[in-house]
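The values are calculated or read from the model by the stated rules, or taken from the named source; none is laboratory data. All of these numbers come straight from a predicted model, not from anything done at the bench. Heads up, the Cβs are rebuilt from the backbone with ideal geometry, glycines too, and the neighbour counts pull from every protein chain shown.
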Amino acid sequence: MESESLALFPLHTVLFPGGPLSLRIFEPRYLDMVRRSLKDGSAFGVLLIIEGAEAGAISAVASCGTTARLVDFSQLPDGLLGVSCLGERRFRVLRRWQQEDGLHLAEVTYLPEERALALPHEHARLGELLRELLPQLGSAYARIPSRYADAGWVANRWAELLPLPPASKLALLELDDPLARLAAVAELSARQPPAAHV
């Protein structure tokens, strides 16, 4: 498999392909990364922080993440840079290092792109619920292309929306089979108390 170098933005969240990500940028290392991304259209990698702080030292991150591409930016009321991103491709980290400015970089290999699969009849309700839910979530999903009949897309949206621990979301991201991820989120959704259903 071919590998390439990728700038990283470690976070206490798991980004899924096709999902939205909003960031407040204030650290110089990430401001420079965003400038480069805007200039050359490159993506960066989002990885779950296992041990450490988003704005400090990071000692451990997940080995599987998702690339994010900038789709919009603006100055926030507090003067910080706000960026909106879209999750694209899953990747696995082969090795990771830091630049002198603190920016994390990695050599990564991309995992197979998920093919579009029809939403199975037994999970049709998950697609219907999403169709009702996403418009109620405000601007986060307004620019996200919707594919309510695609099993992988529906699985990814539920994986990011369900109130699960980050480790559980990471386990879902690492599943290569979209239908397996869909079955897993269907089971997890059924276990949620009624108040947790979004």
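A few comments on the model shown:
- Taking residues in the stretch 114-126 that are closer than 17 Å to residue 146 by Cα, and partners anywhere that are of a type in the set (Asp, Glu), the pairs with Cβ atoms closer than 6 Å and at least 6 places apart or on different chains are 116/150.
- Within the stretch 133-152, the set of residues being in a helix (DSSP H, G or I) and either touching a Lys or Arg at 6+ places or on another chain (Cβ under 8 Å) or modelled with pLDDT of 95 or more (or both) comprises 134, 151, 152.
- Boolean, residue 98 is assigned by TED's automatic domain parsing to the domain that holds residue 179 and polar (S, T, N, Q): no
- In the set (1) over 25 Å from residue 7 (Cβ atoms); (2) over 18 Å from the mean Cα position of the chain (by Cα), residue 100 fails one condition alone, (1).
- Looking only at the stretch 50-71, residues that are buried (at least 18 other Cβ atoms within 10 Å of the Cβ) and not in a loop (DSSP other than H, G, I, E, B) come to 8 in all.
- Among the residues of the stretch 171-196, the one identified as surrounded by 13 or more Cβ atoms within 10 Å (Cβ to Cβ) and modelled with pLDDT under 75 is 192.
Per-residue answers, yes or no, for (1) among the hydroxyl-bearing types (Ser, Thr, Tyr); (2) surrounded by fewer than 19 Cβ atoms within 10 Å (Cβ to Cβ); (3) touching a residue at least 40 places away in the same chain (Cβ under 8 Å):
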site: 3; (1), (2), (3): yes, yes, yes
site: 40; (1), (2), (3): no, yes, no
site: 73; (1), (2), (3): no, yes, no
site: 87; (1), (2), (3): no, no, yes
